[in-house]
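Working notes for the structure below.
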Amino acid sequence: MVALGRLMLSQRGGKVKNQFIDKLRIYAKGGSGGQGLPSYGGVGGKGGNVYVESSSKMTFRRLKNLHPSKRFKAKEGENSRLRCLQGARGNDVIIPVPLGVCVVDDKRNVVADLDKLGQRVLVADGGSGGNSENDWKGSMGQTLSLNLELKLIADVGFVGFPNAGKSTLLEAMSRSEPKIAEYPFTTIRPQVGVCQYSDLRQISLADLPGLVEGAHCNVGMGHKFLRHVERTKLLLFVVDVHGFRLSPRHPFRTAFQTVMLLNKELELYKQHLVEKPAIVAFNKLDMEGAGERLEEALELLKAGDRETRSSLQDMNIQPEQPIIFKDIISISAKEHSGIEKLKTRIREIIDDETEREEDGEENMEGPGG
Ligand SMILES: Nc1nc2c(ncn2[C@@H]2O[C@H](COP(=O)(O)OP(=O)(O)OP(=O)(O)O)[C@@H](O)[C@H]2O)c(=O)[nH]1
Ligand SMILES: [Mg+2]
């Protein structure tokens, strides 16, 4: 078993601090209302509100680094003064959170479910300014502890071995700027980017840390990341057409074997994952020798003959249920070639899938429903 988590930790000097955080507890307080001026009928300013807002740039780690106390307090409203009878409103606080965050209070009530980019939800209301109803004193702002829980949501989940070019592809398809480097396990936590089409349609893409052989039985990180592809509508296998080798101690795997291995890892993790629509993107077509590598891989993928199967069995990398891919596309994520075609196909497949699901639901309701 190759344990992704262990490998990652050993690569980073055993520091646990790089672990992916998917829960964060924060404290939010709305600003108190400013005092009123009863003798002149002056009303205090309302206290500021605290909001959460989903942002593509935010991660829990960054949020924690920016606000180590994890306390978010909005400003008090200004008192009413003779010169300014209506006290000014206190400033709001907006907490940027990653897309997909579900905000839950201590009673497990869902306060906000941020599944759209830029969505803003009020979490702690500011107190009203001093007026006749509150004895001109101004009310306290709402105070509460909140649990931010990340539920990764994306239409497309990138699966692939380390170094295949997943993050480069995410960058080519969206406005995200993921970390890209020539060593394996550059991406250590899932990243979501949004691919925008010319008609403003948006499809979200999740770039996941590289999978390795044995990821299905990795109790640590491997599982955690596979969990995130469970909710995606489409799996995109990103495969280096030149093959992959994790280290000199590991076997070299050709592009075709990589596809089989990814297929196997998914089915061993959860059988239903291989029933999801999937596409293969063979990457790095700009490099020398890519043409021949691509031909080989395509031939083997199409053939599925006995000889091929038995050689996979010999290596113990034959999946039980080979995925029938909706399409196989060749790209160069680095040079942005084949990206438009890939984007179009992703959209078509997701639309077909949505239509199929809707038809299914209608049929379930029956003619009278
Ligand atoms: N020549 C060429 N190099 C590429 C291409 N796509 C990615 N690369 C390079 O391959 C290396 C790995 O790219 P990443 O995008 O970081 O790969 P990844 O799949 O995200 O890797 P992990 O995050 O480690 O799993 C980088 O040096 C990229 O510049 C491509 O289309 N052509
Ligand atoms: Mg990456």
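The values are calculated or read from the model by the stated rules, or taken from the named source; none is laboratory data. Please read all numbers here as calculations on a predicted model, not as lab measurements. Counting neighbours? That spans all protein chains shown, and the Cβs are built from the backbone with ideal geometry, glycine included. Just the protein is used for accessible areas: all its heavy atoms, side chains included, with ligands, DNA and RNA removed. Shrake-Rupley method; radii C 1.70, N 1.55, O 1.52, S 1.80 Å.
The set of residues in the range 171-208 being hydrophobic (A, V, I, L, M, F, W, C), surrounded by fewer than 17 Cβ atoms within 10 Å (Cβ to Cβ) and more than 12 Å from ligand 1 (Cβ to nearest atom) consists of LEU200 alone.
Does ASN316 qualify as being of a type outside the set (Gly, Ala, Ser), outside the structural domain of MET173 (by TED's automatic domain parsing) and more than 21 Å from ASN163 (Cα to Cα)? So ASN316 does not fit the description; no.
Taking the residues in the range 124-172 that are within 15 Å of ligand 2 (Cβ to nearest atom) and of a type in the set (Ser, Thr, Tyr) as candidates, determine which candidate is nearest to GLN35 (Cα to Cα). Within the range 124-172, the match that is nearest to GLN35 (Cα to Cα) is SER167. Residues that are at pLDDT below 90 and within 16 Å of ligand 1 (Cβ to nearest atom) are absent from the range 111-118. Scanning the range 301-312 turns up no residue that is β-branched (Val, Ile, Thr) and touching a strand residue (DSSP E or B) at 6+ places or on another chain (Cβ under 9 Å).
Filtering SER311, SER330, SER337 for residues that are surrounded by 19 or more Cβ atoms within 10 Å (Cβ to Cβ) and of a type in the set (Ser, Thr, Tyr) leaves a single hit, SER330.
Just to be sure, is ARG175 more than 15 Å from ligand 2 (Cβ to nearest atom) and of a type outside the set (Val, Ile, Thr)? Yes, satisfied. Filtering the range 14-34 down to residues that are at pLDDT 95 or above and surrounded by fewer than 24 Cβ atoms within 10 Å (Cβ to Cβ), which residue is farthest from the chain's Cα centre (by Cα)? Checking each candidate, the answer is LYS29. Set side by side, the residues GLY360, GLY338 differ, and just one is in contact (Cβ under 8 Å) with a residue 40 or more places away in the chain and of a type outside the set (Val, Ile, Thr), which is GLY338. In this structure, is ARG293 in the same structural domain as GLU182 (by TED's automatic domain parsing), assigned to a helix (DSSP H, G or I), at pLDDT 95 or above and farther than 20 Å from GLU353 by Cα? So ARG293 fits the description; yes. Looking only at residues that are of a type outside the set (Asp, Glu), part of a loop (DSSP other than H, G, I, E, B) and open to solvent by 20 Å² or more (accessible area, probe 1.4 Å) in the range 125-137, which one is nearest to ligand 1 (Cβ to nearest atom)? Out of the qualifying residues, it is SER128. Got at least one residue in the range 224-231 being more than 14 Å from the chain's Cα centre (by Cα) and either open to solvent by 20 Å² or more (accessible area, probe 1.4 Å) or more than 16 Å from ligand 1 (Cβ to nearest atom) (or both)? Checked against the condition, which is being more than 14 Å from the chain's Cα centre (by Cα) and either open to solvent by 20 Å² or more (accessible area, probe 1.4 Å) or more than 16 Å from ligand 1 (Cβ to nearest atom) (or both), the range 224-231 yields no hits at all.
Residues in the range 37-48 that are under 13 Å from CYS84 (Cβ atoms) and open to solvent by less than 10 Å² (accessible area, probe 1.4 Å): GLY42, GLY44, GLY45.
Filtering the range 142-150 for residues that are surrounded by 21 or more Cβ atoms within 10 Å (Cβ to Cβ) and out of contact with any strand residue (DSSP E or B) (no Cβ under 6 Å at 6 or more places or on another chain) leaves an empty set.
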